[in-house]
Amino acid sequence: MKKILLHACCGPCSTHCVATLRDAGYEPTLFYSNSNIMPLEEYDLRLEALRRFAQIASVELVEDVYDNARWLACVKGLENEPEKGARCRLCYGFNLCRAAGFARERDFAEFTTTLTVSPHKPSPLVFAAGDAAAAAAPGPLKPEFRHFDFKKAGGFLDSVRLAKQYGLYRQSYCGCRL
């Protein structure tokens with residue numbers, strides 16, 4: 001199996017994505033990089049659900065440093081944007097740049113994200129952010145962002161079903177509380 005870094009927003013979304021990637025011949029490593037999630041207690045709840053799922057699925061999990069202040073600086077001036085607006089594009093870019101940098105540092109040739117499993121995240125915007133993050137990764141050997149649209153073929157409903165099956169905490173908002 002080929003290795004791939006999977007930027008993971010939470011445990012529930014990761015369930016379907018890990019299974020899909022394994023079916024496609026990949027062995028994912030989960031990368032929890034979500035400095036946008038507020039408050040910190042919510043971040044911790046999501047991380048704990050992801051840890052639980054990683055153990056259930058026997059998949060490696062790496063936690064990035066939580067840097068909410070840097071994320072807030074990145075989206076400054078866009079606090080009142082609605083979901084799917086300009087703030088989301090910057091947020092995708094912020095988190096996926098961190099994933100691309102980690103992928104580059106740890107010799108992952110490819111990376112992708114769980115964000116596309118959500119019906120609230122337009123896949124073309126996520127793909128554009130991932131492609132830009134890959135291009136901006138430091139060094140001559142840049143990781144490739146793989147376009148997996150995990151919401152296809154009932155992916156979101158499958159993630160909901162699996163989260164219930166595994167007893168995972170499932171959040172009620174994207175993470176940003178501005």
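The values are calculated or read from the model by the stated rules, or taken from the named source; none is laboratory data. Here the structure is a predicted model, which means the values were calculated and not measured. Because the Cβ atoms are built from the backbone with ideal geometry, glycine has one as well, and the counts that use them run over all protein chains shown.
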>> List the residue pairs whose Cβ atoms are under 6 Å apart, where the first residue sits in the stretch 149-178 and is closer than 20 Å to ALA57 by Cβ and among the small types (Gly, Ala, Ser), the second is assigned to a loop (DSSP other than H, G, I, E, B) and modelled with pLDDT under 95, and the two are 6 or more positions apart or on different chains.
In response: ALA163/ARG170
> Condition test on CYS9, is it assigned to a helix (DSSP H, G or I) and closer than 14 Å to LEU115 by Cα?
Replying inline: no
> For the stretch 32-59, what are the residues that are assigned to a helix (DSSP H, G or I), hydrophobic (A, V, I, L, M, F, W, C) and under 16 Å from CYS17 (Cβ atoms)?
Replying inline: ALA49, LEU50, PHE53, ALA54, ILE56, ALA57
> Would you say LEU30 is surrounded by 14 or more Cβ atoms within 10 Å (Cβ to Cβ), over 25 Å from LYS3 (Cβ atoms) and of a type outside the set (D, E, K, R)?
Replying inline: no
> Which of the residues that make up the stretch 55-71 are among the small types (Gly, Ala, Ser) and under 25 Å from GLY93 (Cβ atoms)?
Replying inline: ALA69
>> I'm trying to understand the selection: among the residues of the stretch 96-119, which are surrounded by fewer than 24 Cβ atoms within 10 Å (Cβ to Cβ) and touching a residue at least 12 places away in the same chain (Cβ under 8 Å)?
In response: CYS97, ARG98, GLY101, PHE102, ARG104, ARG106, PHE108, ALA109, GLU110, SER118, PRO119
> Regarding VAL18, is this residue in contact with a strand residue (DSSP E or B) (Cβ under 6 Å, 6 or more places away or on another chain), assigned to a helix (DSSP H, G or I) and in contact (Cβ under 8 Å) with a residue 40 or more places away in the chain?
Replying inline: yes
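Residues are listed down the side, and each one gets a yes or a no for (1) out of contact with any Gly (no Cβ under 7 Å at 6 or more places or on another chain); (2) surrounded by 24 or more Cβ atoms within 10 Å (Cβ to Cβ); (3) without any contact (Cβ under 8 Å) to a residue 12 or more places away in the chain:
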{"residue": "LEU5", "(1), (2), (3)": "yes, yes, no"}
{"residue": "TYR26", "(1), (2), (3)": "yes, no, no"}
{"residue": "LEU50", "(1), (2), (3)": "no, yes, no"}
{"residue": "ALA57", "(1), (2), (3)": "yes, no, no"}
> Can LYS121 be described as farther than 23 Å from LEU47 by Cα and basic (Lys, Arg)?
Replying inline: no
